[in-house]
Amino acid sequence: MAVAGDLRVGNVLNLEGKICKVISQEMKGSGKVGKTMHMKLKSLEDGHMMEKSLRAEEKIETLESHRVKMQYSYKDANQYVFMNMETYEQFSLPEKAVGKQSVFLKENSEIGVDFVEGKAVGVDFPKIVELQVTSTPAPMGGGATSKEAELENGLKILVPQFVKTGEFVRIDTDDFAYLDRVTTKSMKTEMAKPEE
């Protein structure tokens, strides 16, 4: 158990029977009126986001959690199967626990899987991913600022007119929004090794 005023980003809670992770938190109020902890939470069971406010002194059940780097193996019916690279043990997560971000899973890629009290409960997707544009029309006239593009994982998003088929773009995995184009210059900068 912990008091709401001590909660931090990353804490896992049992909130009204739901396992939730604290995504953001902010303390509001003063001593006389009473302080309140405002939190943005993500359900680790179905991926839904919610907001909750608790009095700072209110007690809440915290759960032991840890993250394990695992390899995404395959999808079997409505279950996603992951393998622990050290023990070769396999764990399954239902579709609703992985959520709409499942489109970013690539077979044999490594990703963090969250465990709460020994049970796999969710996937820790990176905030930003780089994907190749597999098809997009040529720039359109008429003052249009964006156009649709299909990415290597089948996702369709809006991109600026200058993006071409074959290029790589950065995508925000939370809202599937285009962030920027990966240019040759930025790729060389990231790949360059520091001189010895």
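For (1) modelled with pLDDT of 90 or more; (2) within 19 Å of the chain's Cα centre (by Cα); (3) not assigned by TED's automatic domain parsing to the domain that holds TYR72; (4) not hydroxyl-bearing (Ser, Thr, Tyr), each residue gets a yes or a no:
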{"site": "SER135", "(1), (2), (3), (4)": "yes, no, yes, no"}
{"site": "MET140", "(1), (2), (3), (4)": "no, no, yes, yes"}
{"site": "GLY143", "(1), (2), (3), (4)": "no, no, yes, yes"}
{"site": "LYS147", "(1), (2), (3), (4)": "yes, no, yes, yes"}
{"site": "GLY154", "(1), (2), (3), (4)": "yes, yes, yes, yes"}
{"site": "ILE157", "(1), (2), (3), (4)": "yes, yes, yes, yes"}
{"site": "PRO160", "(1), (2), (3), (4)": "yes, no, yes, yes"}
{"site": "VAL163", "(1), (2), (3), (4)": "yes, no, yes, yes"}
{"site": "ILE171", "(1), (2), (3), (4)": "yes, yes, yes, yes"}
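Evaluating THR134 against the criteria (1) under 30 Å from LEU7 (Cα atoms); (2) surrounded by 13 or more Cβ atoms within 10 Å (Cβ to Cβ); (3) β-branched (Val, Ile, Thr) leaves one unmet condition, (1). Restricting VAL103, VAL113 to those that are among the aliphatic types (A, V, I, L, M), outside the structural domain of LEU151 (by TED's automatic domain parsing), in a strand (DSSP E or B) and modelled with pLDDT of 90 or more reduces the list to VAL113. Restricting attention to the range 55-74, which residues are touching a Ser or Thr at 6+ places or on another chain (Cβ under 8 Å) and under 16 Å from LEU105 (Cβ atoms)? Passing the criteria: GLN71, TYR72. Only one of the numbered conditions (1) of a type in the set (A, V, I, L, M, F, W, C); (2) under 25 Å from MET1 (Cβ atoms); (3) touching a Leu at 6+ places or on another chain (Cβ under 8 Å) is violated by VAL98, and that is (2). What about ALA56, is it modelled with pLDDT of 85 or more, farther than 21 Å from ASP114 by Cα and surrounded by fewer than 15 Cβ atoms within 10 Å (Cβ to Cβ)? The answer is no for ALA56. Against the criterion of being loosely packed, with under 12 Cβ neighbours inside 10 Å and farther than 22 Å from MET49 by Cβ, ALA149 does not qualify.
Look through GLU95, GLU89 and report the one residue that is farther than 30 Å from GLN132 by Cα, of a type in the set (Asp, Glu) and surrounded by fewer than 18 Cβ atoms within 10 Å (Cβ to Cβ). Even if it seems obvious, please write down each step before you answer.
Numbers: GLU95 fails: farther than 30 Å from GLN132 by Cα.
Criteria check complete, one pass: GLU89.
All told, ASN14 meets the bar of being surrounded by 12 or more Cβ atoms within 10 Å (Cβ to Cβ), of a type in the set (S, T, N, Q) and not assigned by TED's automatic domain parsing to the domain that holds LYS156. ALA97 meets all of the listed conditions (1) outside any loop (DSSP other than H, G, I, E, B); (2) in the same structural domain as GLU16 (by TED's automatic domain parsing) but one, namely (2). When you look at GLY122, is it surrounded by 13 or more Cβ atoms within 10 Å (Cβ to Cβ), at pLDDT below 90, touching a helix residue (DSSP H, G or I) at 6+ places or on another chain (Cβ under 8 Å) and not acidic (Asp, Glu), yes or no? Taking the combined requirement at face value, the residue satisfies it.
The values are calculated or read from the model by the stated rules, or taken from the named source; none is laboratory data. Model, not experiment: these values are computed from the prediction. Cβ atoms come from the backbone with ideal geometry, glycine included; neighbour counts cover every protein chain shown.
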